[in-house]
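K.L.:
The structure under discussion is supplied below as structure tokens; questions concerning it will follow.
Just so it is clear, none of the values below were taken in a lab; they were calculated from the coordinates. What you see is a predicted model, and the numbers here were worked out from it, not measured in a lab. Backbone-built Cβ (ideal geometry, glycine too); neighbour counts: all protein chains shown.
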Amino acid sequence: MCQVHLEKNAHCVTAAISGEFILGCTSEIKEKVKNYMESSQQYHVIIDLSQVSFIDSSGLGALIAWFKMVNQHQGRIVFCGLTDHVRKIIGYAKLDKIFTIVDTMEEAEKALNA
Amino acid sequence: MQKSNILLVDDYEVNLELLEAYLELSGIPMQIYRAYNCAEAYACVEKVSLDLILLDVMLPDGSGYDVCRSLKGFYAYQSIPIIILTALNDKQSMLEGLQAGADEFLTKPVDSHELILRVKNLLKMKAIANDLDQRYSQLHRELVIATELQKSFLPRTVPAYDGVHLEVLYRPSSYIGGDFYDFIQIDDDHLGILICDVKGHGVASAMITATIKFQMYDLRQYYRLPDQLLGHLNDRLEQFFSSTANDYFVTAVYGVLDLERNRFFYSNAGHSSPYLCGTESLVSLENQQGLPLGILPGMVYDCQQVVLQQGQELFLYTDGIFEIALRGKAAKSCSSLMDFFDGAELPIGLAQVHQLQQEIRQYTGSHQIADDVNYIVVRIEEQEEA
């Protein structure tokens with residue numbers, strides 16, 4: 001099971017994902033986050049992955065879809081709190097070359113405003 | 001309107017006559033079949049495509065509940081609605097019938113209006129189930145055709161050369177897969193090798209493999225330049241995905257095998273690293289750059305070269321192999337061969353890799369798999385001393 005908790009403030013949207021981010025739940029969560037960005041017209045986004053225990057290629061696909069969407073709207077996206085497993089999978093797909101990845105929420109907020 | 005096939009099961013002739021008379025009153029176009037016991041009921045179910053069964057509980061050779069239970073346990077028969085007829089107007093027998101999977105109950109003596117209403121309702125449900133079944137079969141037939149089409153994109157044969165042996169395993173998961181490979185004979189001494197994995201599933205992934213096949217041909221001027229080829233392929237796929245599915249991406253390795261000098265000149269776009277395996281060595285062919293294809297335009301790929309010695313093997317694969325290799329093991333994922341052999345004490349080499357390949361061949365030969373599995377082995381044969 002996988003869930004997403006969405007929040008926003010004046011500066012950004014935060015999407016905290018938890019559970020196994022894998023085929024079966026990714027498309028629903030992908031849409032939720034996308035719709036939330038659209039309805040709040042906010043394309044500065046923090047994706048909190050600290051509670052994600054497992055990710056597969058379909059999960060990576062969702063991260064890429066958000067990344068592309070944010071770029072299209074001249075926004076910024078920061079990924080934070082990666083567990084070892086998630087960090088490894090993102091690294092193998094070389095996505096760490098284009099993603100902004102930080103450890104904590106504070107660093108994420110800083111990175112968004114940099 | 002098509003006639004509904006209705007089976008009446010009761011050991012008393014009088015009851016059957018009565019039910020039949022009631023049903024005829026309804027005006028529903030139907031063909032009625034009769035069974036006087038369980039055995040005849042089963043025989044009829046096998047012979048006729050039924051739309052409804054009216055089933056008495058007490059039969060000479062068994063109970064109606066058992067007939068109901070066993071029919072509902074068969075995939076082919078479970079959508080046939082069953083009305084259980086019972087003289088026992090108590091909660092216990094109703095619960096037993098529900099447990100057996102019955103759709104409706106009628107207590108004897110049967111009220112003709114109630115009978116007709118329940119029969120009509122269940123026939124309507126059955127018609128919807130039939131319609132779904134038909135659509136599913138149609139979809140299934142189309143998927144089978146798509147599978148055949150996709151097979152036609154794959155190389156028909158594995159090239160064979162003196163001194164260089166190639167081996168391929170390709171097993172799509174269900175019907176059609178997102179894994180794809182190709183061999184391109186550039187000239188007598190150069191073979192282009194592509195292995196890729198479209199991330200995403202089902203029909204769309206398969207259609208993307210068709211696009212890759214087409215784009216590869218269109219980019220044939222770059223066959224000798226892996227980094228250029230992947231760079232252009234990346235831009236075209238990025239454009240293609242941006243107008244269709246933006247969560248799709250493709251990992252790929254493309255390389256040119258120089259058959260004269262046993263060199264492999266390759267680029268990697270986010271794909272699992274190929275491996276060079278020797279008797280007691282296993283070396284990962286890492287690349288510095290190389291984002292998967294289709295994410296960002298203008299990506300630059302680097303190109304590297306490895307020389308294969310006699311007796312060594314080059315192993316290219318998609319990550320589906322790990323799902324098989326890891327089944328039943330504690331680790332839930334691994335993304336490279338090195339990861340997989342992590343912790344093994346012996347020097348890892350060809351023996352271990354061959355064992356893994358054999359395991360994959362055996363398993364995929366006899367099991368349904370969740371992810372596509374594809375690997376390519378290039379072996380430089382050992383030359384006899386002159």
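K.L.:
What is the set of long-range amide H partners of B:Tyr33 at a cut-off below 5 Å, with H atoms built 1.01 Å from backbone N?
P.N.:
B:Ile6, B:Leu7, B:Leu8
K.L.:
Here's another thing I want to ask about it. At 15 angstrom or more along the helix axis (alpha-carbon based) and mean Kyte-Doolittle of 0.0 or higher, what helices does chain B contain? Whole DSSP H runs only.
P.N.:
B:13-26, B:202-218
K.L.:
Moving on. Report the net charge of residues surrounding B:Ser112, where surrounding means a beta-carbon distance below 14 angstrom and charges are Lys +1, Arg +1, Asp -1, Glu -1.
P.N.:
Here the charged neighbours net out to -2.
K.L.:
Rounded to the nearest 5, what is the percent of antiparallel bridges among the DSSP beta bridges in segment B:4-142?
P.N.:
10 percent
K.L.:
Run the reach check for B:Lys3 against aspartates and glutamates, Cα to Cα strictly under 17 Å, same-chain hits fewer than 8 apart removed. What comes back?
P.N.:
B:Glu20, B:Glu24, B:Asp51, B:Asp131
K.L.:
Report for chain B the percent antiparallel among DSSP-assigned beta bridges with both residues inside it, nearest 5.
P.N.:
Of those bridges, close to 75 percent are antiparallel.
K.L.:
When DSSP assigns beta bridges and you keep just the ones with both residues in segment A:2-113, what percent turn out antiparallel, to the nearest 5?
P.N.:
If I count the DSSP bridges inside segment A:2-113, around 30 percent turn out antiparallel.
K.L.:
Same structure again: Test of understanding: ordering B:Leu296, B:Leu25 by Cβ neighbours within 10 Å, fewest first, what list do you get? Display every interim value, and only then the final one.
P.N.:
Details: B:Leu296 17, B:Leu25 12.
With the sparsest Cβ surroundings first, the list reads B:Leu25, B:Leu296.
K.L.:
Students often get this wrong, so check it: of A:Lys30/A:Lys97; A:Lys30/A:Lys88; A:Lys32/B:Lys72; A:Lys8/A:Lys88; A:Lys32/B:Lys120; B:Lys91/B:Lys124, which have C-alpha atoms separated by over 31 Å?
P.N.:
Those over the limit are A:Lys32/B:Lys72; A:Lys32/B:Lys120.
K.L.:
Turning to a different aspect of this structure: Cα to Cα, under 24 Å, and not fewer than 8 places away if on the same chain: which lysines meet these conditions relative to B:Lys151?
P.N.:
B:Lys199, B:Lys213
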